[in-house]
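For reference, the structure is listed below as structure tokens.
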Amino acid sequence: MRRQAIALLSSVALLFSGLPGLPGGVRNAEAAALETPQVIVTPPLQEVLGSTHTSGRYYFGEEDFLNEGAERMLSLGSSSIKVWLSAKPQESYPYNSEWPANIGQPDGPQSLLEILMLPHYQELLEKDFQVFVFEAIEFGPLRSGGGAELTTIWKDGLSPAEKERVEEQFYELTRYLLTRFAHTGKTFLLQNWEGDNALRAWETPPAQLPTAIQGMIDWSNARQDGINRARLEAGDIGVTVAGALEVTRIPAGGEVFDHKLVVDEVVPHTHMDLYSLSTWGTRLPGEEQELLAKLAYYKDKAPDSALYGADNLMLGEFGAYETTYNKPESFPQNNYEATLSPGRDNEFNETTGRAQLVANRKQLEYALQMGVRFALYWELYDNGLKDGITLDSLTPDERGYKVARMEQLRGVWLVRQDGSYTPTWHYFANLYNPKTVTDYLNDWSRTYSRTSNLEFVREGAASRAEGDTSRAVNSSGADGSLVYRLAKPISSFSAKLFHTDGLAGKLEFYASADGTDWTAVETAVTPGAAGQPGSWQSAFAGSSALPPDSIYLRAVLKGNTAGSLELSGIQINSEEGLADPHSVYYNPAELTGLLLDGKPLQAWNSLMLVKYPYDDSLPQVPQAFDPAVAGYKVFLPVDAAESPVIEGIVNDPRLQVEVTQADSIPGTAQIRVSSPDGSSQASYRVEFARELTAALTPEAAVGTGKELALDYSLRHVARGIQAQDIVLGFDPQMLEWKDAAALNSVTRITYAGQESPGRVRIMAAALGADSAIDRDGPLLRFTFLAKAPGQTAVTLEQTAAAEANGMEWIPGRQHSAVTVGEASGGESGGSGDSGSGPSGGGNGAAAGQAAARIVPGRIEKSPELSPGRENRLEALVRVTAEELRQALGEDGSQVDIPVSAPEGRTLTQAAVELPLSALAELSSRSLPVRLTVSSPLGAYTVPLGTLPKLPETPGQAATLRLIIASAAGSKAEETLRAQFALASPVTEFRAAVSTAEGERSLELPVGSHGSSSASRTLPVTLPGFTPELAAGVKVEADGSIRYMPAYFHREGTVWSGELFEAGSGFYAVAVSSGQPFADTVSHWGNQDIAMLAARGIVRGQAEGSYGPDLSLTRAELAAMLVRGLGLKEELRSAAGFTDVPGEGWQAGAVGAALAAGLIHGNGDGSFRPDAPVTREELAVMMDNALAWAGVTVPADSSEAALARFEDRGLLSDWAAEAIARTAAAGIVEGRTDSLLAAKGEATRAEAAVMVKRLLVKARFMNP
């Protein structure tokens, strides 16, 4: 929403003509008397944002490589650069360079200062950079007799002499920089290289790791101590030298690590000036927002510093690969959510460059939002080779330098190998010397300065700010201001605001050429989205008439406006901008707005957002223009003569815009944007269609005393309509309301009544999400009685239509003209096609049985159809004992009986009826028999050969009926939708035995996924469904909800859910919303815990926590197993234990576990419910659950499973076999590769992981 709203500002500026300006206002005496807020100057982005230059695999020109890159950075407009300062500079900067031959030798340079004194570095220091960042890798190993080797000796710990040597190098380097650059205002940062990649905890022997960690702590502090000592001696002399510690891995934002991290083990024990993150864990589009979580975690771990306080984070490296798919057509224009693959040998082009730009831009914006001090892009020239490319693959040039070709590189660069500039280069250039400033006000980085009484408000985004998650407000009674500075004179600006009671006296704008003398700017105001009087409303304020040569703009938010004015964003345009010597454009080609007949896109109430490529199945809601969205659909009034004229708006006048207008309705307008040299292109489209229209039979004639029938139709239906609300108006002196009827089998009239004379309201709904109205045609018939002759009309006074997702439409309306004549007996009703609608009845099947088509394992038979209750269409297939015998044959074990409705009809109930006499024969068969009722509503599988004892009633009167019924509109559906996001329809499954005494529900066996299970299969209808966080749910007779074991099957792109449970009831598939517990995010068991939480199997302890490493009680484990297997709690069974009180929370779960044979107690009548469960007790309960589920483990594999565990001799006799079986089944594993630790207490995480493995083994959930 934020990007969409601000993108509109340039187009809204075009509308500022002749509107009244905002009064300037004068501060009142009370405000004037307040203390003046502090002015905070924002560090220029030229100093905050820089790039790294090191080890590139190509070069340009004759200048030495170090300074060639530095000059390139200066031409970009940056005043910040990061370079390598190490014992081996010839490896980082090899091309056209003259490094001393004795580098790396005992007689060569022996300190970082000596390296910095070499001519190439001295030339670098003379350049006009304000910030130098040195990746400072000092000389080190005293143990090998000196020399120029990189120091990693801290891995073995640092001796006092070695710490002193490290400190001394940083002392002398800092003292030199402070002395030489005193009073210049420059900043020098001295940092390490990627701490986690240096520590390499994942491959360091565990016994050595504590020494290595302490060594890194001592080494980092020694570097900082050298810097601090030199700073203390020099005092404040107008130059800054700071130390930084860099990490690469942070356990947040979705990343989990199974080894020790520098951020946890080293950072809290250091006292650095700055803490740097090399953020390569968020380098792909779609991952950038994870950076917020990583920086927040890092900020919590990093100690405050004397130099920067708590705001002491920086990005030492950020960036993204640039590459493309093998098939360009799979990477459509404007699709930024691309998976970048560094291993492919494809060309780099503007499309891949735009994807890279979006990832880089998002990372930078998130970092600035978190207040980083510096951000260094990786990098100027790419040094990274694609997978499979080695240095030996590179080709020497005429000078013998090994250089890479374009296709050999991963594409992390600002300048490509062929000399072309990436879109990220141009993005940085515009940030440094802005032609346009677009400030979303997520942070203060785009401002030149601000007053201290301005702050951000982030709540209320949905309720009052159109989704904008960050707005600036004045938090005090004194005036507050924001100042912006552009490189060239400002031509126009536009700001978006939210207000409650107008803008008068609340907001002022001023312009200046020098930042000292300010001139008030008269602004024009355009209303935004309408709101209720007194509530928050949006508006746009701006001007295109600023004083000449103004490069400063100041926005003043008057005092005491925090509760009535919020500044959402601002866009400022300059007249020229700086000439770019490398390209004719600054920004990637894209629109910043669309006008339809001169109105912004959001002004069209029927606007529908369509993601590219257009997919009509996606939810579509009114939206503003977004440059990242390439397709839109607009519905026009039914009487529109032609489609609106499209105009594309761009910020850069050098961009070329070509528009192909739509020539009809329906029709499509195409907009193409391109840079003058054609290197950057983007395409957009707007589709036009007629709006949804409701209509009555246009004309009708009827005689007095006769019934008048008018058909109600929908026209131009483009999406599935689920419900309608209609109000009819008529003359009660001429017509009398009779009733309303549906003209198809899928529509149900839920209400029809005369609310006042001449006014009738009708409400109708389609039965089930798959029955939505998706085509034109008559839907309802309204009947009146003609009372008096004359001309009259029946009008559609109100119509509303709703989709299943809640999207509502107000269709256009067409009425009916009615002529009532004298009674003649000849007229029978309206002239509309009164007989055109299908009737809702069945096919009139006779009581005699329809012929069956029988093949092995399948019985196909025409169903008996009946309308049922409440306009429901029910189908019943009766199967005889002989038909069942024929389908099974001599050795069959499975019978499928499909139940369907005639073409064009929608089924609401499917049933199969079997005589009990037929089932009695099945008990003698060698294999158990499973019968499946399959229908469009779902499938019901029942183990006929293992049914409980059925009533012995002679003859055919006693029957078993298996029923599947839609529960749309039921109380059960209402209950489930109130608590879950549903992925399937709510459906009733019921097994019933009918005898002379009546009908009773039947409990069916449930066990493994094999022959002894009863299951229900539901179609999954949720787009984009995945099974990880999905569960089966059931509404019990008392209205309570219980989770069910469920296994999800996929055929192509279609999913279905199979639910296992013994009883009857209402069932559905529900999905969870994601991470349930804050304390498991970085835990090794997080994924399994989250999957079980989504199924209601595990529950938290305190709010938001799970306690994964805490011990688990015996009762808690019993409850987890009962929930996982879908068992009903049984209070009576728990009475078998003397220490399980009937009123305790655990009684029902313990009772169910006892009844199912999962637990057996301690032999003395006790269960010890609150005792911690040991790992061997856990294994025994898991083994019992395997047996209950019917899962068998081969004996030979069980014996071999324990062979690798050295402590197997410590197992209790009563647990040994169970541990062997569960280990062989892959459920129980050791705490290490060789130790079971069976006597140890099980943790809550271990139990969750093992329960998940058990349920996967039993196929009660997906892996």
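The values are calculated or read from the model by the stated rules, or taken from the named source; none is laboratory data. Quantities reported herein were computed from a predicted structural model and do not represent experimental measurements. Cβ atoms come from the backbone with ideal geometry, glycine included; neighbour counts cover every protein chain shown.
Figures for the structure shown
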{"item": "Residues located in segment 114-124, provided they are in contact (Cβ under 8 Å) with a residue 40 or more places away in the chain and of a type in the set (A, V, I, L, M, F, W, C)", "result": "116, 124"}
{"item": "Segment 959-986 - residue that is under 29 Å from the mean Cα position of the chain (by Cα) and in a strand (DSSP E or B) and, of those, surrounded by the fewest Cβ atoms within 10 Å (Cβ to Cβ)", "result": "981"}
{"item": "Criterion (touching a Gly at 6+ places or on another chain (Cβ under 6 Å) and either modelled with pLDDT of 90 or more or outside the structural domain of residue 546 (by TED's automatic domain parsing) (or both)) met by exactly one of 520, 472", "result": "520"}
{"item": "Residues located in segment 889-926, provided they are free of Cβ contacts under 8 Å to residues at least 12 places away in the same chain and touching a strand residue (DSSP E or B) at 6+ places or on another chain (Cβ under 6 Å)", "result": "none"}
{"item": "Lone qualifier among 1037, 1090 - being out of contact with any strand residue (DSSP E or B) (no Cβ under 9 Å at 6 or more places or on another chain) and either at pLDDT below 90 or outside any strand (DSSP E or B) (or both)", "result": "1090"}
{"item": "Out of 726, 721, sole residue that is in contact (Cβ under 8 Å) with a residue 24 or more places away in the chain, touching an Asp or Glu at 6+ places or on another chain (Cβ under 8 Å) and crowded, with 16+ Cβ neighbours inside 10 Å", "result": "721"}
{"item": "For residue 504: the one exception among (1) in contact with a Pro (Cβ under 8 Å, 6 or more places away or on another chain); (2) of a type in the set (A, V, I, L, M, F, W, C); (3) crowded, with 16+ Cβ neighbours inside 10 Å", "result": "(3)"}
{"item": "Wholly enclosed strands (runs of 3 or more DSSP E) of segment 587-646 bearing at least 1 residues at pLDDT below 70", "result": "607-610"}
{"item": "Flag for residue 452 being closer than 30 Å to residue 555 by Cβ and among the small types (Gly, Ala, Ser)", "result": "yes"}
{"item": "Qualifying residue in segment 201-213 (condition: in contact (Cβ under 8 Å) with a residue 60 or more places away in the chain and in a helix (DSSP H, G or I))", "result": "no"}
{"item": "Candidate set: segment 63-100, residues that are over 19 Å from residue 414 (Cα atoms) and assigned to a strand (DSSP E or B); chosen: the one modelled with the lowest pLDDT", "result": "86"}
{"item": "Evaluation of residue 1115 against (1) over 22 Å from residue 1022 (Cα atoms); (2) surrounded by fewer than 22 Cβ atoms within 10 Å (Cβ to Cβ); (3) touching a Pro at 6+ places or on another chain (Cβ under 6 Å) (one fails), failing number", "result": "(2)"}
{"item": "Residue match in segment 380-402 (condition: closer than 15 Å to residue 427 by Cα, modelled with pLDDT of 85 or more and touching a helix residue (DSSP H, G or I) at 6+ places or on another chain (Cβ under 7 Å))", "result": "yes"}
{"item": "Residue within segment 1135-1144 that is touching an Asp or Glu at 6+ places or on another chain (Cβ under 7 Å) and either among the acidic types (Asp, Glu) or at pLDDT 85 or above (or both) present", "result": "no"}
{"item": "Selection status of residue 1220, in contact (Cβ under 8 Å) with a residue 12 or more places away in the chain, in contact with a Gly (Cβ under 7 Å, 6 or more places away or on another chain), hydrophobic (A, V, I, L, M, F, W, C) and buried (at least 22 other Cβ atoms within 10 Å of the Cβ)", "result": "no"}
{"item": "Residue match in segment 651-663 (condition: of a type outside the set (Val, Ile, Thr), under 31 Å from the mean Cα position of the chain (by Cα), modelled with pLDDT under 70 and in a loop (DSSP other than H, G, I, E, B))", "result": "yes"}
{"item": "Those residues of segment 899-942 which are closer than 22 Å to residue 885 by Cα, of a type in the set (D, E, K, R) and not in a helix (DSSP H, G or I), in sequence order", "result": "913, 925, 930"}
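Results for (1) in contact with a helix residue (DSSP H, G or I) (Cβ under 9 Å, 6 or more places away or on another chain); (2) within 21 Å of residue 1245 (Cβ to Cβ); (3) of a type in the set (A, V, I, L, M, F, W, C), shown as yes or no for each residue.
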site: 1139; (1), (2), (3): no, no, no
site: 1142; (1), (2), (3): yes, no, no
site: 1145; (1), (2), (3): yes, no, yes
site: 1149; (1), (2), (3): yes, yes, yes
site: 1173; (1), (2), (3): yes, yes, yes
site: 1177; (1), (2), (3): yes, yes, no
site: 1204; (1), (2), (3): no, no, no
site: 1214; (1), (2), (3): yes, no, yes
site: 1217; (1), (2), (3): yes, no, no
